[in-house]
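To start, the structure itself, in structure tokens.
The values are calculated or read from the model by the stated rules, or taken from the named source; none is laboratory data. Owing to the predicted nature of the structure, the values given are computational and were not obtained by experimental measurement. Here the Cβ is made from the backbone with ideal geometry for all residues, glycine too, and neighbour counts use every protein chain on show. With ligands, DNA and RNA removed, areas are computed over all heavy atoms of the protein, side chains included. Shrake-Rupley method; radii C 1.70, N 1.55, O 1.52, S 1.80 Å.
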Amino acid sequence: GIEGGMRTLDKLDEIGLDYVGAYRNKKEYDTPKIVSLNGKRIGVLAYTYGQNGVCDDFFFDEKTRFYMRPVVSADSKYFKRNVSLVKDDFERLKAEHPDLVIVLPHMGAQFRRQPDTTQRKWCDIFVELGADIIFSDHTHHVQPLEWRKNSFGKNVLIVHCPGNFVNSYVGYNGDA
């Protein structure tokens, strides 16, 4: 739950390990993540399809909304609001003028060899909002990568899922 998540963030801060994707409050949530690497400023956004034991309501309740960034399915009653919030995230990040935008979505049906409808829908959205690289995970199975062009003619790399490096899903062809 949230208490365990906050403890984890505290421990990561204590040991100096950087992270993205969970936040203590609205201020942290609204602060764009910029990582400097070899003189380049890389903007990073992280999203998740859900959290074990919670439903979409959790991600849109004002008491818990700033804990993580969701990507709900198109049939969710929150989908349009979710898209609007993701647009806001991109606008805040782009205002920092990063050299590169990486999106890390945790999404997709487990053990599928191909991206599902929700993965494709969100990749379409991320591409059009200005992602340069979309590096997805969750399916525990190697899925294809692809290059797309956004409406500005810029190439975007999408890695739907690289599989797992360590896991217990060997019976489902989950290792890579």
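In table form, for the structure just shown:
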quantity: Rounded accessible area per residue of the chain, 1.4 Å, Å²; calculated: 56
quantity: Total lysine pairs whose alpha carbons fall under 27 Å of each other in segment 1-119 (8 or more apart, or interchain); calculated: 28
quantity: Within the chain, percent of DSSP bridges classed antiparallel, to nearest 5; calculated: 40
quantity: Estimated dipole of the chain in Debye, rounded to 20 [Cβ of Lys and Arg +1, of Asp and Glu -1, Cα centre]; calculated: 380
quantity: All-pairs alpha carbon distance profile, the chain, 10 Å steps from 0, percent; calculated: 9, 35, 39, 16, 1
quantity: Apportionment of accessible area to carbon and sulfur, segment 48-165, percent (1.4 Å); calculated: 55
quantity: Stokes-Einstein D for segment 1-100, Kirkwood Rh over Cα pairs, 37 °C, 0.692 mPa s (µm²/s); calculated: 224
quantity: Residue-by-residue Karplus 3J(HN,Hα) for segment 42-54, coefficients 6.51, -1.76, 1.60, Hz, glycine and proline x; calculated: 10, x, 10, 10, 10, 9, 9, 5, x, 9, 3, x, 10
quantity: Most positive-pole-ward Cα, Ala22, Asn150, Thr48, against dipole of the chain from beta carbon charges; calculated: Asn150
quantity: Cα-based reach from Lys121 at 20 Å (exclusive), listing aspartates and glutamates while leaving out same-chain residues under 8 positions away; calculated: Asp56, Asp75, Asp88, Asp89, Glu91, Asp132, Asp137, Glu146
quantity: Sites matching GluC sites (Glu not before Pro) across segment 1-84 that sit in DSSP coil, with at most 16 neighbouring C-beta atoms within 10 Å; calculated: Glu62
quantity: Whole-percent pair-distance distribution, where bins are 10 Å wide, for the alpha carbons of segment 93-157; calculated: 21, 52, 22, 4
quantity: GNM flexibility winner over the chain from Lys87, Lys33, Lys11 (Cα, springs under 10 Å); calculated: Lys11
quantity: Residues whose placed amide H lies under 5 Å from that of Thr48, excluding near-sequence neighbours; calculated: Arg69, Val71, His106
quantity: Extension gain, Thr8 back to Asn25 (0.36 nm per residue minus Cα-Cα distance, nm); calculated: 4.7 nm
quantity: Those GluC sites (Glu not before Pro) in segment 64-147 that DSSP places in a loop and that have at most 13 other beta carbons within 10 Å; calculated: Glu96
quantity: All-pairs alpha carbon distance profile, segment 84-130, 10 Å steps from 0, percent; calculated: 23, 48, 23, 6
quantity: Two-site label geometry, Asp18 and Leu85: point separation in nm, points 7 Å out along Cα→Cβ; calculated: 2.5
quantity: Most mobile of Asn164, Asn52, Asn25 in a GNM of the chain (Cα contacts under 10 Å); calculated: Asn52
quantity: Among Leu145, Leu93, Leu37: highest mean-square fluctuation, GNM of the chain, C-alpha pairs under 10 Å; calculated: Leu37
quantity: Cα-projected label distance for Asn52 with Glu146, points at 7 Å along beta-carbon direction, nm; calculated: 3.1
quantity: Relative contact order computed over the chain (Cα-Cα under 8 Å; 6+ residues apart), in percent; calculated: 16
quantity: Amide H contacts of Lys33 (H built 1.01 Å from N, under 5 Å, at least 5 apart or other chain); calculated: Val44
quantity: In Hz, Karplus ³J(HN,Hα) per residue of segment 113-129 (6.51, -1.76, 1.60; θ = phi - 60°; x = Gly, Pro); calculated: 7, 10, x, 8, 4, 5, 4, 5, 4, 5, 5, 4, 5, 4, 4, 5, 7
